[in-house]
Amino acid sequence: MTVRINPAGSALVTAAAFLLSLSGVSADDKVNRVTTVPIPGRGQPLVAKADAEGAIHLLFGTADGPQYVKSLDKGKTFSAAIPVVDRASRRPGLEFHGEDMVVGQGGRIHVAMGTNAWKLKLPENEWGFYYARLEPGAKAFEPVRNINNKPSEGFCLAADDKGNVTACWLSDKLFANVSHDNGKTFGPNVEVNPAYDPCNCCTTSAAYGADGKLAVLYREETNNERDMYLVRWDQEREETSRTRISTTLWKIDACPMTYYTVTHAADGFVAAWPTGSEYEIYFARLDGKGNLLPPGEIRTPGKAGHRTGMIALSGSDGSTLVAWTKEGQLGWQLYDSNGRPSGISGSAKSSGNGVAGVVDKEGHFFLFR
């Protein structure tokens, strides 16, 4: 593992990092509360989630498609890998790619996937949002389902503890399918708001808030101004509102093809996204209504690329870990509750373009590589 010393760090921290490196212990583990964990079987990190009991659920990519494992000891050991795609859904040349995963009511695992059906020139209704579910205690995922039957991309999932699961996606506009029975059935394709004009080759990210409303992060493209917006969707009243959360403007006459993320925090949400020609990564803490909390948008030392992953995780003490990947390198920086860099930034080799991580109840962060 490579350790980069933050220029703002004290000489004491620098010395501590050096001594720890000599002992073979990661300085990031000791100073920055970050542990990196290898993916089982040298897979590629996609998504990780921690449930209320502290178990870690991990989705990772392999040559045979996405796989799922679970850890009950903070990543020291994992359960046997379970393929997400059932045998009947596999066809010659058809590839499934894991896009998102959430843990729903009762510990159900929900997975979103895309395919290369468009490359194979299969019927356009097969270019859709593929979904699979793992019931509590089950040893195999249920058969894969195409839940929107429409050419689309930018897939994400959100689930709450009441049995609601929302699948968001892009097809020139921002759409969703909503389930009220833990993913057993999904409603029809719904356009979230016709006034929204998303950047179609980017993605979506969503999370339910403490008030039960859904927060959806997306990039707008009106007038080629590629700003980031957080949508608040009251699904019971069928009402939406949105807030621009990026303050560094980015005007570009092309889709930048970026990924970004929003996750739940104790006091609202935390989001991370790239902006500008260098794909510099920013993050912000948001209140429960999606408004920026002081000090607002914060630039990190990280940079992304086309459709490369990043995450922002909120600790119980208000700290935020931002992690990113680019060209086979996983990087991260921890920030305190006031948005100031905390300790040293770190990096480690990683495979693929994804970033997966969780934070435990004690405020320790785990990143998978």
Charge dipole (debye, nearest 20) of the chain; +1 at Cβ of Lys and Arg, -1 at Cβ of Asp and Glu
900
Mean residue ellipticity (222 nm) of the chain, computed from DSSP H runs ≥ 4 via -39,500 (n - 2.57), nearest 500:
-1500 deg cm²/dmol
Mean Cβ count within 10 Å, highest first, over the residues of peptides 60-68, 131-139, 118-126
60-68, 131-139, 118-126
By a straight-distance test (C-alpha under 30 Å), which lysines pair with residue 251 as possible cross-link partners, with residues fewer than eight away in the same chain excluded?
150, 173, 289, 303, 326
How much of the accessible area of segment 157-275, in percent, comes from carbon and sulfur atoms when a 1.4 Å probe is used?
45
Normalising by the residue count of the chain, find the relative contact order in percent from Cα pairs under 8 Å and 6+ residues apart.
14
Kindly express, to the nearest 10 degrees and within the range 0 to 90, the angle between helix 11-23's C-alpha long axis and the longest C-alpha principal axis of the chain.
80
Overall dimensions of the chain by Cα: Rg and Dmax, Å
19.6, 62
Checked against the positive end of the charge dipole of segment 58-214 (+1 on Cβ of Lys and Arg, -1 on Cβ of Asp and Glu, about the Cα centre), the farthest of 204, 177, 88 is 88
Using 0.36 nm per residue, how much length does the chain from residue 121 to residue 317 gain when fully extended, once their Cα-Cα distance is taken away?
65.5 nm
Please work through the chain and write down the cysteines that have no neighbouring cysteine Cβ at a distance under 4.7 Å.
156, 168
For the chain, what is the accessible area per residue in Å² when the probe is 1.4 Å?
44
Ranked by accessible surface with a 1.4 Å probe, highest first, in what order do 153, 362, 297 come?
362, 153, 297
Answer with one residue from 164, 323, 154: the one whose Cα lies farthest towards the positive end of the charge dipole of the chain, charges on Cβ with Lys, Arg +1 and Asp, Glu -1.
323
Nearest-10 value in Å² for the accessible area of residue 282, using the 1.4 Å probe
20
So for 103, 37, what's the accessible-area order with a 1.4 Å probe, most first?
103, 37
Sequence of 57, 264 from largest to smallest accessible area, 1.4 Å probe:
264, 57
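The values are calculated or read from the model by the stated rules, or taken from the named source; none is laboratory data. Note that this is a predicted model, so its numbers are computed, not measured. Cβ coordinates were reconstructed from backbone atoms using ideal geometry, including for glycine residues, and neighbour counts include every protein chain displayed. These accessible areas exclude ligands, DNA and RNA; they are computed on the full protein's heavy atoms, side chains included. Shrake-Rupley method; radii C 1.70, N 1.55, O 1.52, S 1.80 Å.
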